[in-house]
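Structure first, commentary second.
The values are calculated or read from the model by the stated rules, or taken from the named source; none is laboratory data. The structure presented is a predicted model; accordingly, all values stated were derived computationally and were not measured. Cβ atoms come from the backbone with ideal geometry, glycine included; neighbour counts cover every protein chain shown. Heads up: the accessible areas ignore ligands, DNA and RNA and are worked out on the full protein's heavy atoms, side chains in. Shrake-Rupley method; radii C 1.70, N 1.55, O 1.52, S 1.80 Å.
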Amino acid sequence: MSSIIVMQQTNAVHIITDGAIYGADGVVRDFRRKAVELALSNCVFVLRGADYPRLPLTLLLLQYDSFDAIMDNVARCVEQMVEVFDQFNEVGGAPIERHFELTVAGWSDNLDAWAVGVASTFEPCDPTDVQGTSFLPGYQPFIPLQAAAAYCVPAVDGMATLGRTLETQYDVDSLDPEREGLLLHKAQRLTPGFDGAFQVQYLVGGFAELVTLSTQGVSRKILCEWPDECGQLITPEGAPTREEVKVWIAEQQALAAAAEDQAEPALVAA
């Protein structure tokens with residue numbers, strides 16, 4: 001899945017996405033803006049994961065006139081996408097081809113605030129959900145969750161990247177979406193992930209686009225462009241090689257197994 005950064009500030013919502021479209025093997029297929037505008041509701045949605053729902057979801061969500069109306073109906077819309085996919089593919093399908101995550105941002109009259117909802121197609125605690133949305137408390141397939149005030153996926157170390165934590169709404173409101181958002185995006189680019197075959201790949205590329213929703217409407221700005229090419233894997237400058245990441249993962253797995261073997265058995269009352 002590709003990257004997303006969300007900042008729900010008091011006066012606006014900011015979303016940063018990358019622009020790389022890649023196949024199950026991690027090879028770049030295209031570059032494209034990923035945030036889709038919904039004019040009637042003044043909302044924006046972003047897909048991560050499988051790309052097949054992009055057009056039909058756009059047509060479905062365009063009919064709703066508010067963020068709250070979308071949230072009331074989005075579960076059925078997302079479920080319909082998977083049902084149609086399963087009708088034309090082998091049962092279940094490959095996870096990277098079948099599953100996706102939908103993020104919708106807009107003004108909520110119910111909350112009297114700018115808001116973001118996230119819905120995913122994974123079953124709860126699905127081991128193929130490498131980003132972990134399905135492991136969140138209260139998660140159910142297709143049902144939208146209210147997003148945290150600020151988050152980024154892939155996750156990065158906020159303290160190491162920004163030099164501070166984001167624990168309060170004041171912290172989020174004080175973020176500079178362009179400067180600090182770009183710092184987070186650059187950290188994401190150096191974060192290894194997994195392709196459809198669960199092979200180590202770098203998956204953040206193309207460019208970084210900032211999309212802002214406010215009372216002024218929707219604005220867009222390209223924050224940076226990356227020297228990635230179609231037909232090639234994303235290979236960020238300064239990042240560990242894929243082989244180095246594989247070695248590190250194997251070492252961590254060995255350490256975890258050794259620690260488990262050395263753990264003392266729990267005492268059981270007679």
Residue check, ASP126 against (1) surrounded by fewer than 19 Cβ atoms within 10 Å (Cβ to Cβ); (2) assigned to a helix (DSSP H, G or I), all met but one. Which one? (2)
Inspect all residues belonging to the range 172-192 and state whether any of them is under 23 Å from GLY26 (Cα atoms) and out of contact with any strand residue (DSSP E or B) (no Cβ under 9 Å at 6 or more places or on another chain). no
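Return the residue satisfying two criteria in turn: it lies in the range 31-82 and is among the acidic types (Asp, Glu) and modelled with pLDDT of 95 or more, and of such residues it is least open to solvent (accessible area, probe 1.4 Å). Show your work before the answer.
Initially, the range 31-82 is screened for residues among the acidic types (Asp, Glu), giving 37, 51, 65, 68, 72, 79.
Okay, now just the ones that are also modelled with pLDDT of 95 or more, so 37, 65, 68, 72, 79.
On the way: GLU37: 88, ASP65: 103, ASP68: 20, ASP72: 122, GLU79: 62 Å².
That would be ASP68.
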Given the criterion within 22 Å of LEU233 (Cβ to Cβ), over 15 Å from the mean Cα position of the chain (by Cα) and among the aliphatic types (A, V, I, L, M), identify the matching residue among VAL78, VAL74, VAL27, VAL84. VAL27
If we scan the range 93-113, do we find a residue that is open to solvent by 20 Å² or more (accessible area, probe 1.4 Å), of a type in the set (D, E, K, R) and modelled with pLDDT under 95? yes
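Just for strands (runs of 3 or more DSSP E) wholly inside the range 7-101: which have at least 1 residues that are charged (D, E, K, R)? Steps first, please.
Numbers: elements: 13-18, 20-22, 28-31, 35-38, 43-49.
Fully inside the range 7-101 and qualifying: 13-18, 28-31, 35-38, 43-49.
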Condition met for GLY205 (over 25 Å from ILE15 (Cβ atoms) and in a loop (DSSP other than H, G, I, E, B)): no
